[in-house]
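Below is one structure; the comments refer to it alone.
The values are calculated or read from the model by the stated rules, or taken from the named source; none is laboratory data. Just so we're clear, the structure is a prediction, and the values are computed from it rather than from any experiment. Cβ sites come from the backbone with ideal geometry, for glycine too, and all protein chains shown count toward neighbours. All accessible areas refer to the heavy atoms of the entire protein, side chains included, with ligands and DNA or RNA removed. Shrake-Rupley method; radii C 1.70, N 1.55, O 1.52, S 1.80 Å.
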2 protein chains.
Amino acid sequence: MKKIPLLLMGCGGVGRQLLHHIVSCRPLHSKQGIRLRVVGVCDSNSLVLASDVSTKELDDASLMEVCRIKSSGSSLHSLSNFGDCQVFSGQEVVKKAIDIADRFGKSTGLAFVDCSASSKTVEVLNQVADLGCCVVLANKKPLTASLEAYDKLVSHPRRIRHESTVGAGLPVIASLNRMISCGDPIHCIIGSLSGTFGYVMSELENGKPFSKVVNAAKSLGYTEPDPRDDLSGMDVARKGLILARLLGHRLSLENIKIESLYPLEMAPNVLPVEDFLVNGLPLLDKDIQDRITKASSKGKVLRYVCLIENNRCEVGIQELEKDSPLGRLRGSDNLLEIYSRCYREQPLVIQGAGAGNDTTAAGVLADILDFQDLFS
Amino acid sequence: MKKIPLLLMGCGGVGRQLLHHIVSCRPLHSKQGIRLRVVGVCDSNSLVLASDVSTKELDDASLMEVCRIKSSGSSLHSLSNFGDCQVFSGQEVVKKAIDIADRFGKSTGLAFVDCSASSKTVEVLNQVADLGCCVVLANKKPLTASLEAYDKLVSHPRRIRHESTVGAGLPVIASLNRMISCGDPIHCIIGSLSGTFGYVMSELENGKPFSKVVNAAKSLGYTEPDPRDDLSGMDVARKGLILARLLGHRLSLENIKIESLYPLEMAPNVLPVEDFLVNGLPLLDKDIQDRITKASSKGKVLRYVCLIENNRCEVGIQELEKDSPLGRLRGSDNLLEIYSRCYREQPLVIQGAGAGNDTTAAGVLADILDFQDLFS
């Protein structure tokens, strides 16, 4: 039985779903001769460790208890009296995590999994990568920090995976890595990488006003609590930057032209969210309607996309051919068109749900298993 | 520098293109710390080996000479006086290949690559897999032989890859393997897996008669010299079977319901190809036109697809929703819709060119590099 020890950072929706997937896949993985040994789980304040990480793991009952506690909004700290787990808090967490990484890095290896949304994990990740651990990220922040931090993080390319940072579990990064490895040069990627924008642009095309569409998207739970977190384009820009860097472009967030769908005078620090939804948004309806009409008169449609081409990355509304994969896209699916030597006239297209804890965590789990040849 | 020794069977268009890719990727792979060492190349009669496979390889000049000779229609046998290569022929070929596999299997490992279209390689492949070698297939035949042979061939699942057997280089098998590994159960695959049928069904939808469309497809080089080789559906059935078996279905070719687009009385053993094209095809126009009209009256379109669902695999014309990914497909692209727990309502869609030596060979090369963690 091949054993893959694992330490999870982040017990939000994705992290908890990952633990559920690990437990429910036990019979499947056992058939494949694999055992995922979860030796530790952290939230932002605490680390729960198996009593003796070399020989023991957090058993499935403990993992489910972690999920229960975190779903209820409590801290992992409250687990301190649970079974024979060890619980560390505060500054001890990072120290202990690195200690574990050091020990496993020298012996069996360790999958160090970041399902948090924190910008603070990049340093720990760099250290554990250097200590010989495998790193899996669902967290976009460490990959979109400075180029210097990025270079460090990916300096052991066979020991890092981050499928779920773009398009959730859609096989985007894995497919791009295949193309890169076989020397098929990628000239251009254009993609709709946000379910929110996908929904919004579809509904606009159906003739609804922008203000109504954004309010409906919020009611349906398609947006963040403040929809401006989506409409700013920053999340799409992070995804675009991750793809651009994967292609070898030396870019940072500040090099990306990002189109926000609201003006500065409606920014969160100026206008409360309710005001924005009720009074701000309707002021934007006409302008967007005009753009749609103009595009339509040329036989085109508007899509909010990330475009990577000629060493540049742009995020915003583009006029696209109605009769292209992105032009035909409806609803909240993500869709990428990838142009390369092999896919020159007609792109390689990958389309599907690009959000959701289930599929995001599935992508993380597939990444972990993709390391299996490095474990014994 | 990580070295991956490689033995190639098959020097047709895909095999030669693979050798070209390997040579042109030298700088890229060198940067990644990888060296592909081609120690031998076979065609159907001969095997060219480096003079001492442990320390030497066929250098790039020799590989290009292999390509030149094979492009000109000669046998590898004519290389017998080339540099210090060794050339083996006849019954010696398999014996020598297995000897090499045995030697490398016990030491560094070997990537054994089948780019032939032969049904005779399955036994060699089974033996080299058992000897510890990695196997890469672009050849569909070994994977579509008996279930017994299939089970043997995939009995070392981490040491076999066959992306280019379905959809050429499209990341279909890699993506399905990711989904399978993370326990996302695949309920249904429906796909247009033939560029020929893709083109034919699109043109029929544009109102052209079947006989005209098939003749045009032949003139454009989209079909085999005898288009009935495509229209029989057998090639799609092999692809469908490969996907079905990947999902765990215990099926063989004889279990697949295959719809041929010509009747038995127009089969190649009854009607010469010219007769079929000129006199046979027009007799089929009305029936297909009627089916299109009937589908259209229900708001549907016809596609020639492979459908895998409920433990069954069917290949033939299906009526599909106009407004689905397959319904919107035009032209010769392949397209797969994959339905699973994560992609339940809206499928995961992979679309792109599913034929061509360049992309097929690129898929093979990506498969070889995917083994790199098994080499030192």
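Miscellaneous remarks
- Charge tally in the Cβ shell below 12 Å around B:Leu58, where Lys, Arg are +1 and Asp, Glu are -1, B:Leu58 excluded: -4
- Solvent-accessible ranking of B:Leu320, B:Leu170, largest area first, probe 1.4 Å: B:Leu320, B:Leu170
- Furthest towards positive pole of dipole, A:Gly109, A:Thr165, A:Val23, structure part chain A, Cβ charges: A:Gly109
- Accessible-area value, B:Cys67, 1.4 Å probe, nucleic acids and ligands omitted, Å²: 10 Å²
- Rounded accessible area of B:Val124 (nearest 10 Å², 1.4 Å probe): 20 Å²
- Solvent accessible area, Å² - B:Tyr339, 1.4 Å probe, full protein context: 50 Å²
- Relative contact order of the range A:61-138, taken over Cα pairs closer than 8 Å and 6 or more residues apart, is 25 percent.
- Per residue solvent-accessible surface (Å²) - chain A, probe of 1.4 Å: 40 Å²
- Qualifying lysines (Cα of each under 17 Å from Cα of B:Lys322; at least 8 residues distant if same chain): A:Lys322, B:Lys294, B:Lys298, B:Lys300
- Shape category assigned to chain B from the gyration tensor of Cα positions, a/c cut at 1.5: prolate
- Net charge, A:Ala366 excluded, C-beta distance under 10 Å - Lys, Arg +1, Asp, Glu -1: -2
- Summing Cβ point charges (Lys, Arg +1; Asp, Glu -1) relative to the Cα centre of the range A:186-353 gives a dipole of roughly 580 debye.
- Length-normalised contact order for the range A:234-367 - Cα pairs under 8 Å, 6+ apart - percent: 20 percent
- A:Ser297 versus A:Arg341: modelled label distance in nm, points set 7 Å from Cα along the beta carbon direction: 4.4 nm
- Heavy-atom accessible area buried between chains B and A is around 3600 Å² (1.4 Å probe, both sides summed).
- For chain A, share of DSSP beta bridges that run antiparallel, in % to the nearest 5: 60 percent
- Proximal aspartates and glutamates to A:Lys120, defined as alpha-carbon separation beneath 16 angstrom and excluding residues fewer than eight positions away on the same chain: A:Asp43, A:Glu92, A:Glu148
- For A:Glu148, the point set 7 Å out from Cα toward Cβ sits 6.6 nm from its twins in the other copies, listed from shortest up.
- When chain B is turned onto chain A, the axis of that turn runs closest to one Cβ of chain B, and that residue with its distance in whole Å is B:Asp373, 2.
- Three-way shape label, the protein assembly as shown, alpha-carbon gyration tensor, a/c 1.5: oblate
- Per-residue ellipticity at 222 nm, computed for chain B from helices alone with -39500 (n - 2.57) per DSSP H run of at least four residues, works out to -11000 deg cm²/dmol.
- Rounded to whole numbers, the Karplus 3J(HN,Hα) couplings from phi for the range A:194-205 are 9, x, 4, 5, x, 4, 4, 5, 4, 5, 4, 5 Hz, using 6.51 cos²θ - 1.76 cosθ + 1.60 with θ = phi - 60°, and x at Gly and Pro.
- Loop-located trypsin sites (Lys or Arg not before Pro) across the range B:211-261 with a Cβ neighbour count of 13 or fewer within 10 Å are B:Arg250, with loop assigned by DSSP.
- In this Cβ point-charge picture (+1 for Lys and Arg, -1 for Asp and Glu), chain B has a dipole of about 820 debye about its Cα centre.
- Normalised contact order of chain B, rounded percent, pairs of Cα under 8 Å and 6 or more residues apart: 20 percent
- Charge dipole of the range B:186-353 about the Cα centre (unit charges at C-beta), most positive-ward option of B:Gly191, B:Ser324, B:Gly221: B:Ser324
- Net charge, B:Pro272 excluded, C-beta distance under 12 Å - Lys, Arg +1, Asp, Glu -1: -2
- Note, ³J(HN,Hα) from phi for the range B:175-188, Karplus 6.51, -1.76, 1.60, rounded to Hz, x at Gly and Pro: 5, 5, 4, 4, 5, 5, 5, 9, x, 8, x, 8, 7, 7
- Residues of the range A:3-24 whose accessible area, computed with a 1.4 Å probe over protein heavy atoms, drops by at least 10 Å² once all protein chains are present relative to their chain alone are A:His21.
- A loss of 30 Å² or more of accessible area (1.4 Å probe, protein heavy atoms, ligands and nucleic acids excluded) relative to the isolated chain is seen in these residues of the range B:155-183: B:Arg158, B:Pro171, B:Arg178, B:Ser181, B:Cys182.
- Straight-line cross-link reach from B:Lys106 at under 20 Å between alpha-carbon atoms covers these lysines, not counting any fewer than eight positions away in the same chain: B:Lys2, B:Lys3, B:Lys56, B:Lys95, B:Lys96, B:Lys152.
- Selection from A:Cys67, A:Pro272, A:Gln346 lying farthest towards where the dipole of chain A points positive, charges on Cβ: A:Gln346
- Sorted from nearest, the other copies put their A:Glu309 label points 3.8 nm away, the label point being 7 Å from Cα in the direction of Cβ.
- Of all accessible heavy-atom area on the protein assembly as shown, the percent that carbon and sulfur account for (1.4 Å): 51 percent
- Beta bridges assigned by DSSP with both partners in the protein assembly as shown are antiparallel in approximately 65 percent of cases.
- Tensor-based shape of the range B:306-353 (alpha-carbon gyration tensor, a/c under 1.5 rounded, otherwise prolate or oblate): oblate
- Accessible surface ranking that places the most exposed of B:Glu309, B:Glu345 first, with a 1.4 angstrom probe: B:Glu345, B:Glu309
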